[in-house]
């Protein structure tokens, strides 16, 4: 058994215990909850898609709960700073945490995390964001199959992400594994920094949200090669899915969820989850979030717990096979 397996398998096993632990938490009637304002921590900068979706959803959640919800951005260290702060918060339902793919990746890559994934209880999967793989017009390919052949022809294939260990870094690594081509990861501070190199062809391909790259498709500077979702994107109806390109195992999404500190009473978690589900199933909200690139879901805590277990397992497997380290 590898060192990575010895580390991740106990985490996976412990994560299986999250719902029972929550259920055994101190009983508390949620009838008077909340009786004061709540805070939701977004461990990423203000103005990004994660932040904007959070503000849209939390405004409605606060309205339905009868209390304002303060959005607090605490960015840094791939989400670790804000996440660590919530791990130390009282488990009373008044401090919430927005999580994305890094929540599953950090425990696999980092041995010095100031928290454990079991310091949190799942509330709901808010939604998924469709991803698209694209290349600049200077790259001599127009389909994903041609990109693979281009790589197998001895050409250096590179792609960008916002940093080592980011969710998009791992998606790119999976592409290299599935296609048996050598892909080189080039980390940047963000898509705004890497775009000039992608457009010019110095970076072979990029993976990002459909909404982020659509303006560059519209003006012809980038060409979409495949969407990584199970169905074609309404914004890109002529672009095949990755399964249609022959690689169904590469289906991937960005995602956004809501967690609370572990041992938050189950009635409070259930109230948050049920209220969120009602919001996210509302046609008007779904339309607004779709315009922001997010497919609203609204899951139960148990469903979100299973989603996190699967996501953690995928991250562990990708990191092991690609030998990704922070060194």
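The values are calculated or read from the model by the stated rules, or taken from the named source; none is laboratory data. From a predicted model like this one, the values you see are computed outputs, not experimental measurements. Reconstructed Cβ throughout: ideal geometry from the backbone, glycine too, with neighbour counts over all protein chains shown.
In the stretch 270-281, the qualifying residues are those that are touching a strand residue (DSSP E or B) at 6+ places or on another chain (Cβ under 7 Å) and closer than 18 Å to residue 66 by Cβ, and the one that is surrounded by the fewest Cβ atoms within 10 Å (Cβ to Cβ) is 277. Given the conditions (1) closer than 19 Å to residue 50 by Cα; (2) under 20 Å from the mean Cα position of the chain (by Cα), which single one is not true for residue 193? For residue 193, the exception is condition (2).
The condition of being buried (at least 17 other Cβ atoms within 10 Å of the Cβ) and modelled with pLDDT of 95 or more holds for only one of 79, 93, 66, that being 93. Restricting 178, 173 to those that are touching a helix residue (DSSP H, G or I) at 6+ places or on another chain (Cβ under 6 Å) and either surrounded by fewer than 16 Cβ atoms within 10 Å (Cβ to Cβ) or in the same structural domain as residue 110 (by TED's automatic domain parsing) (or both) reduces the list to 178. So for the stretch 217-239 (the condition being in contact (Cβ under 8 Å) with a residue 12 or more places away in the chain, surrounded by fewer than 20 Cβ atoms within 10 Å (Cβ to Cβ) and either part of a helix (DSSP H, G or I) or assigned by TED's automatic domain parsing to the domain that holds residue 318 (or both)), does at least one residue qualify? Scanning the stretch 217-239 turns up at least one residue that is in contact (Cβ under 8 Å) with a residue 12 or more places away in the chain, surrounded by fewer than 20 Cβ atoms within 10 Å (Cβ to Cβ) and either part of a helix (DSSP H, G or I) or assigned by TED's automatic domain parsing to the domain that holds residue 318 (or both).
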